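Colleague: The structure is given below, and queries will be raised subsequently.
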Amino acid sequence: MGRKSLKKDRAYITASEWKEEGGGHKGRLQGAKATFRRLPFNCCAISFKPVEDAVCTDDGTVMDIVNAVPYVQKFRRHPRTGEPLELKDLVRIKFQKNTNNEICCPVLGKVFNDNSHIVAIKVTGNVYSWEAVQELCLKPKNMRDLLTDEPFKRSDIIEIQDPSDLSAKNFSNFDHVKNNISVDEFTGGEQDARSDIKTVSKDIQRTLSALGRGEISADIKEKHTELSQVPKTVDTRLKSVPRHRGDVVTFKPGAATWDTTDDQRNIGTFNKNGGKVVPKPFSDRYVASHTSTGATSKSFTSTAVDVATTSERDMVLQQLRPKQKGYARMHTSHGDINIELHCDIVSKACENFLALAQGHYYDGTKFHRLIPNFMIQGGDPTGTGKGGCSVFGDCFEDEFDSRLIHDARGQLSMANSGPNSNGSQFFILFKSARHLDFKHTVFGRVVGGFDVLTKMEHIPTTDNDVPLDDIEILGFTVFVNPYTELLQQQKEKEEKRRERPRDGEERIESLDQVMGVKSSETVANGVGIYLRAKTRDGPKSSSVKSSGPVSKKKRPRSATLGNFDSW
């Protein structure tokens, strides 16, 4: 049991425990022990309503600009702490939303909630999660905004919400709550219900005013009457134009969407390549595979196939697999970008890119897709995002490796429209995009010209992500091509093999040299075909005349077991 067991294991609770922890009367608690009423991170500290155009102070107090400006102009103090505050101390911030209209981090994509650690950058006003700023800015000492690439200091980081310290979110302790200052005192009375409509046309204003008075002008009534008398027939402008199947231009690898599964059989070669000639791959050697062409089985089961009675092996392309990296320079209208290619890991994708680059296939093409803070895409000779093909045909298969992932700025990857649909289009990342891992083949990275990449990222785009300023590929300069070097080595090895004599002749010649027989000497027939015709120290020996059996030397008999004389 123990001496103090009765003190620890008592069968009752004290009055203080019942008062503080249980359901007893709490009394008049003051300060931090008062009733905690939390303000959400996206609500205004003055009106307690969700913000639409947010501003904040240096301590992270979020307000709506329509409430913050009149409040500060009238009272000149902080709505939460009561300290002096001026309009110049307000920082405009921007909350990013996802497709579900939820406030989230624009880098990590995490949806913010009451337990999220949220910060804002004072220089740009962009709002991020603390994990993104800590991992991508503070730890690598890259003090630049993750969206705009503008430099900032550590003191420019504003804490919007810290889950470990929520004292700043208790609106029971706000200064204007304690002083009973209502919104009507600084907004000039109750606001009209239509005051939230900020930008409307004159016609809408007249209509709203008429609706507010309960009347509608005569011209609006007349217009409504005319529209109601129009017969409800189908508008011909809404009908689609008849489309022929052969004229349909479907998507191609790296099309306008990341996941396009449209049929590609009816695309013309000229349309896909924009009139350019597709160069041949460096791998041009075909070898017999371990499988057959299947002609016999097809002819046996189908009447539409010609009869085949013999099986032939299928010929497959022998892929070149170099053991070193490739290096090239891409010349664009905005500057040069140096590229390192992983030819030793993903040989087929790199061969396709180098063959198209050296064959001037990319010359004159434009980057047709630009998404800031994500990527820039090019390689389509048509400039539409729907064309282009590889040197191995329309498409070639994916090549994935755990060493090559979308984890950094400047990664070079293949654009596709689904699994195993790589063509000529590629994209360069502006930031990490791990959601593309093992969906797109990474085959290179940018090793020089990041300032050119930043210049491209800042070019304005249309609503369809098309750059307003043309970014054109002028050409390529290939410094190291492992495929041509490998072909040269194979050619030299083949020439040496042809120049070398046959194995039997080389062996005979070497034996003649060892035995001292000249190639011009005639040797007699018989057992000793490679016997020396000359002795090294003695006189010249005559050639062998007969080829009879050679008598064996008799070994002297050893002593018998019973005779020990030889001892």
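The values are calculated or read from the model by the stated rules, or taken from the named source; none is laboratory data. In this text the structure is predicted, and so the values were computed from the model without any measurement. Ideal geometry is used to build each Cβ from the backbone, glycine not excepted, and the neighbour counts take in all protein chains shown. Accessible surface is based on the protein model in full, side chains and every heavy atom, while ligands, DNA and RNA are left aside. Shrake-Rupley method; radii C 1.70, N 1.55, O 1.52, S 1.80 Å.
Colleague: Between residue 439 and residue 374, what length comes free when the chain is fully extended (0.36 nm per residue of separation minus the Cα-Cα distance, one decimal in nm)? Intermediate results must be reported in sequence, preceding the final value.
Modeller: Numbers: separation 65, 0.36 × 65 = 23.40 nm, distance 1.58 nm.
Extending this stretch completely gives an extra 21.8 nm.
Colleague: Sum up the charges of everything whose Cβ sits under 9 Å from the Cβ of residue 366, counting Lys and Arg as +1 and Asp and Glu as -1, but leave residue 366 out.
Modeller: Overall, the nearby charge balance is -3.
Colleague: Add +1 for every Lys or Arg and -1 for every Asp or Glu among the other residues with Cβ under 9 Å from the Cβ of residue 54, and state the total. Before the final figure, lay out each step's value.
Modeller: On the way: positive: 92, 94; negative: 52, 53, 64.
Summing Lys and Arg as +1 and Asp and Glu as -1 gives -1.
Colleague: May I have the count of lysine pairs in the stretch 268-407 with C-alpha atoms under 18 Å apart, counting pairs 8 or more residues apart or located on different chains?
Modeller: 9
Colleague: For the stretch 392-443, compute Rg over Rh where Rg is the Cα radius of gyration and Rh is the Kirkwood radius from the inverse mean 1/r over Cα pairs. Let's see the in-between values first.
Modeller: Values: Rg = 10.5 Å, Rh = 11.1 Å.
Checking Rg against Rh, the ratio lands at 0.95.
Colleague: Using only the alpha-carbon atoms of the stretch 321-409, report the extent along each of the three principal axes, biggest first, to the nearest angstrom.
Modeller: Rounded to whole Å, the extents work out to 33, 31, 22 Å.
Colleague: If Lys and Arg each add +1 and Asp and Glu each add -1, what is the summed charge of the other residues whose beta carbon sits under 15 Å from the beta carbon of residue 165?
Modeller: Working: positive: 38, 80, 169; negative: 59, 114, 159, 162.
Net of charged neighbours comes to -1.
Colleague: In Å, what Rg and Dmax follow from the Cα atoms of the stretch 122-181?
Modeller: In Å, with Rg to one decimal and Dmax whole: 15.4, 47.
Colleague: Right, next: State the dimensionless ratio Rg/Rh of the stretch 68-160 (Rg: radius of gyration of Cα atoms; Rh: Kirkwood radius).
Modeller: Working: Rg = 14.9 Å, Rh = 14.5 Å.
Looking at the stretch 68-160, the ratio lands at 1.03.
Colleague: While we're looking at this one, here's another question. May I ask for the distance between the Cα centers of the stretch 49-123 and the stretch 360-419, given as a whole number of Å?
Modeller: 39
Colleague: If packing is taken as the average number of other Cβ atoms within 10 Å across a peptide's residues, how do 275-283, 340-348 rank, most packed first? Walk me through the intermediate numbers first.
Modeller: Details: 275-283: 16.6, 340-348: 21.2.
Ranking, from highest mean packing down: 340-348, 275-283.
Colleague: Which whole-number percent gives the relative contact order of the stretch 355-417, counting Cα pairs below 8 Å spaced six or more residues apart?
Modeller: 22
Colleague: To the nearest 10 square angstrom, how much accessible area does residue 95 have with a 1.4 angstrom probe?
Modeller: We get 40 Å² for residue 95.
Colleague: Want the number for residue 468 to residue 285: 0.36 nm per residue separation, take away the alpha-carbon distance, what's left? Please list the in-between numbers first.
Modeller: Values: separation 183, 0.36 × 183 = 65.88 nm, distance 4.45 nm.
Difference between extended and current length: 61.4 nm.
Colleague: What is the distance in Å between the Cα centroid of the stretch 280-294 and that of the stretch 129-170?
Modeller: 56
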